[in-house]
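Colleague: Quick one: the structure is below, questions incoming.
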Amino acid sequence: MILGFGALVLFLPKGEGATVKRGEKLYMEQCMNCHGKDGKGLGKLIPGLHHAELLQKERLICAIRYGKSGPLEVDGQVYNGQMPPNFTLDDGEIRDIVNYVYAQFAEAPKSLDLPEVQDQLRNCAQANPRLQW
């Protein structure tokens, strides 16, 4: 797994390997306790990050900044926990976490740039001022 991650970083366009590397550190600090080092979550309490519907940029970016509460169905399993919001991360740190998550857990890794993440953060807030999406 480590060799595969290292190879992925080597083949990313210049600059993208750095964002994934920073994202790895942030993921370990901010996300690993609940979603696990391997991204598999905590059984029936917290969903894993290997599910395509959770990796939609709209959901992922909004959840990192604004949290998520209420029922969430993933592959037929209903989760009813709460992901707290994280307003201490800046937009670039959110981009880095998202890029790490995509590099590690997505079937087709992709990389987002900062303006794309910032646009989505604005969309999250405008779409639902109560931020219960």
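Colleague: Among the residues of the range 109-124, count how many are of a type in the set (Lys, Arg) and in contact with a Phe, Trp or Tyr (Cβ under 7 Å, 6 or more places away or on another chain).
Modeller: Going through the range 109-124 one residue at a time, the tally reaches 1.
Colleague: What number of residues within the range 32-66 are part of a loop (DSSP other than H, G, I, E, B) and either at positive phi or not aliphatic (A, V, I, L, M) (or both)?
Modeller: 13
Colleague: Could you tell me which residue of the range 33-67 is farthest from the chain's Cα centre (by Cα), considering only residues that are open to solvent by less than 60 Å² (accessible area, probe 1.4 Å) and aliphatic (A, V, I, L, M)?
Modeller: ILE46
Colleague: Okay, next question. Could you tell me which residue of the range 68-99 is nearest to the chain's Cα centre (by Cα), considering only residues that are hydrophobic (A, V, I, L, M, F, W, C) and open to solvent by 60 Å² or more (accessible area, probe 1.4 Å)?
Modeller: Ranking the qualifying residues of the range 68-99, first place goes to MET83.
Colleague: Just checking, how many residues over the range 110-133 are modelled with pLDDT under 90 and exposed (fewer than 15 other Cβ atoms within 10 Å of the Cβ)?
Modeller: 8
The values are calculated or read from the model by the stated rules, or taken from the named source; none is laboratory data. Just so it is clear, the model here is predicted, and its values are computed rather than measured. Reconstructed Cβ throughout: ideal geometry from the backbone, glycine too, with neighbour counts over all protein chains shown. Keep in mind that these areas ignore ligands, DNA and RNA; they rest on the heavy atoms of the full protein, side chains included. Shrake-Rupley method; radii C 1.70, N 1.55, O 1.52, S 1.80 Å.
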